[in-house]
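See below for the structure under consideration.
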Amino acid sequence: MEDRDWLIIQALNSEKNITKAAQLLYMSQPALTSRLQHIEREFGVQIVHRSTKGIQITPEGEFLVKASSEMVSRLSNIKNEVRNLSKIDSGTLEIGASHYFTTYTLPYVLKLFKKSYPNADFNMTTDWTKNIFSLIYNKKTHVGFVSVDYGGCKNMDLLYEEPVCIASTQPFIFNELPNLPRIEYQSDYLLKSQIDKWWRENFLKPPTINMHVDKLATCKEMVKNGLGYAILPSRIVDNIPNIHKLNLKDATGNYIIRKTWMIYNNDTLELPIVKLFVNFVKNLPF
């Protein structure tokens, strides 16, 4: 198997058409067909079924599709690590970050790092915090940025913390919150559970949720335009004019805080570019 053969398998799976797969890989159709026949002979199986409507991947082909993702990723990591060994300030950083951090903080971080180290490149994955922990645990990314502690990571550097607050462009009376329109957004399970617990400790009635949105950024815009209140991290609404905020406290009187950490494995620090980035982020004024 050649490196490009794994890419051919991925292209056939995504396009379900030999001509389109060839175009995607900037190959001629005869050249791709020849390589496909070579792969099938090497493994002794048929990878695709051909028809007038295109192609279908066989069960054996499906297995090779899964393997191709692992092989391409592994090859990319090997190339990056070899490149990183040669120069301390160059190479590709594999970064995983929560939706929240990616939207509001990561562009600022990468801009500053790129300005100081222009030879550095980035591969980004944005996902829920629990999935970023999995990426770090399985060593599929170098550095992660998370806002909920799911445990299992020895290296967690606290970057900043902020209170969780009720935010609205309209003045509100605390006891009337259950009757006011609330905007809900998708968030990590642990943070949502914490907010739900706080609500049950303070109100006998459920909230009046009149909007369900996909992301925190969407929720912020709804609040900004006076469409309801939301319970969200404090710093993202600081730039909204005339915003009314009330920080949440738990049953013991302590503020409910959302923390943001940088997480990584010890062995990734052996890569000079990763160590450089980690130390750089630690010294940023968040």
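Here are some notes:
- If only the Cβ of Lys and Arg carry +1 and only the Cβ of Asp and Glu carry -1, the dipole of the range 3-82 around its Cα centre is close to 280 debye.
- For the chain, calculated [θ]222 nm from helices alone, where every DSSP H run of n ≥ 4 adds -39500 (n - 2.57): -13500 deg cm²/dmol
- Within a Gaussian network of the chain (alpha carbon springs, distance under 10 Å), most fluctuating of VAL148, VAL164, VAL65: VAL65
- Scattering curve values for the range 3-82, log₁₀ I(q)/I(0), Debye with Cα scatterers, q = 0.17, 0.18, 0.25 Å⁻¹: -0.64, -0.71, -1.25
- The charge dipole of the chain, taken about its Cα centre with unit charges on the Cβ of Lys, Arg, Asp and Glu (plus for the first two, minus for the last two), comes to roughly 400 debye.
- Relative contact order [Cα under 8 Å, 6+ residues apart], the range 3-82, whole percent: 33
- Annotation note: trypsin sites (Lys or Arg not before Pro) in the range 31-136 located in DSSP loop regions with a Cβ neighbour count of at most 13 within 10 Å are LYS53, LYS87.
- Selected from ILE273, ILE231, ILE243 as most flexible by GNM, with the chain as the system and alpha-carbon contacts under 10 Å: ILE243
- Across q = 0.29, 0.30, 0.34 Å⁻¹, the range 38-82 modelled as identical point scatterers on its alpha-carbon atoms has Debye log10 I(q)/I(0) values of -0.98, -1.01, -1.09, in the order of the q list.
- Here is the list for the range 159-258: trypsin sites (Lys or Arg not before Pro) lying in DSSP coil, each with at most 14 other C-beta atoms within 10 angstrom of its C-beta, are LYS215.
- Percent of alpha-carbon pairs separated by more than 18 Å within the range 51-144: 59
- Within the listed set GLU270, GLU161, GLU40, the residue fluctuating most in the Gaussian network model of the chain (springs between alpha-carbon atoms under 10 angstrom) is GLU40.
- For the chain, with +1 on Lys and Arg beta carbons and -1 on Asp and Glu, the positive-most of ILE8, SER193, SER234 along the dipole: SER234
- The Kirkwood radius of the chain, taken over pairs of alpha-carbon atoms, gives through the Stokes-Einstein law at 4 °C and 1.567 mPa s a diffusion coefficient of 58 µm² s⁻¹.
Computed from the coordinates by the stated procedures, all read-outs in this text should not be read as laboratory data. Just so it is clear, the model here is predicted, and its values are computed rather than measured. FYI the Cβ positions are ideal-geometry reconstructions off the backbone, even for glycines, and counts take in every protein chain you see.
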